[in-house]
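Below is a structure I'd like to ask you about.
Rule-based calculations on the coordinates, nothing more; no lab input. Quantities reported herein were computed from a predicted structural model and do not represent experimental measurements. As a convention, Cβ positions derive from the backbone with ideal geometry for all residues, glycine included, and neighbour counts pool all protein chains shown.
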Amino acid sequence: MSLRHALLGLLADSPQTGYDLTKRFDQTLSGYAWSAGHSQIYPELKRMMGDGLVGVVDEGARGSKTYGITDEGRAELRRWMFSPVGDTPPRNEFVLRLFMLSSLDLADTRVLTENMAAASEQEVAELRQAISDIEKHTPADAGPGYARFAAEFGLRYFQLQADWARWVLSELEKHRDQPDS
């Protein structure tokens, strides 16, 4: 995935300023899929303009520009959406820590796993609230709830992490009397 494709996806919803795009990253993508700040977004928008993927559709006060996706941009977004998943190496800090659990003694493993469970359960609670908000503010005739689809994926993903961590804690409980390494 690239910043370019994330921006194209956001602009496919509606034209937005660089500031709006940064805000949407912060509110929707940065905690779950992709993070980017002003210093990355604005230069990428400029490159995308040069490549004909976006254009300026409006200019506001103090030189602010509202960007919109072009037909070429929509074609590139569609091409990327249908390209094979997994072309880039995965990076998942949670899973990396799983591989490193053996570096800790049992007491530390219990503490870390409890922290992982609690953090995942907090994400589950926040996503349940987000789903409730989405359902409350989405008109019945609005069509498919794409934001709801993404939030539901996040909910299930973090529920899986919490369930896994609670399972590990139960497995560690079987070794309660074993001395720490």
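To the nearest µm²/s, what D does Stokes-Einstein give for region 3-81 at 20 °C and 1.002 mPa s, using the Kirkwood radius over alpha carbon pairs as Rh?
Result for D is 172 µm²/s.
When a/c is below 1.5 the answer is rounded, else prolate if a/b is larger than b/c, else oblate, so apply that to region 89-137 with a ≥ b ≥ c taken from the square roots of the Cα gyration tensor eigenvalues.
Taking the square roots of the gyration eigenvalues as a ≥ b ≥ c, region 89-137 is oblate.
How big is region 93-173 by the Kirkwood estimate over distinct Cα pairs, in Å?
Averaging 1/r across every pair of different Cα atoms and inverting gives 14.2 Å.
Taking the alpha-carbon centroid of each part, what is the distance from region 91-123 to region 128-156 in angstrom?
Centre-to-centre distance over Cα atoms comes out at 29 Å.
Along each of its three principal axes, how wide is the spread of alpha-carbon positions in the chain, in whole angstrom units, largest first?
Reported extents, whole Å, longest axis first: 68, 38, 35.
May I ask for the net charge around Glu44, where only other residues with Cβ less than 12 Å from the Cβ of Glu44 are counted and Lys, Arg are +1 while Asp, Glu are -1?
It works out to a net charge of +2.
Another question, then. With +1 on each Lys and Arg Cβ and -1 on each Asp and Glu Cβ, how big is the dipole of the chain about its Cα centre, in debye rounded to the nearest 20?
420 debye
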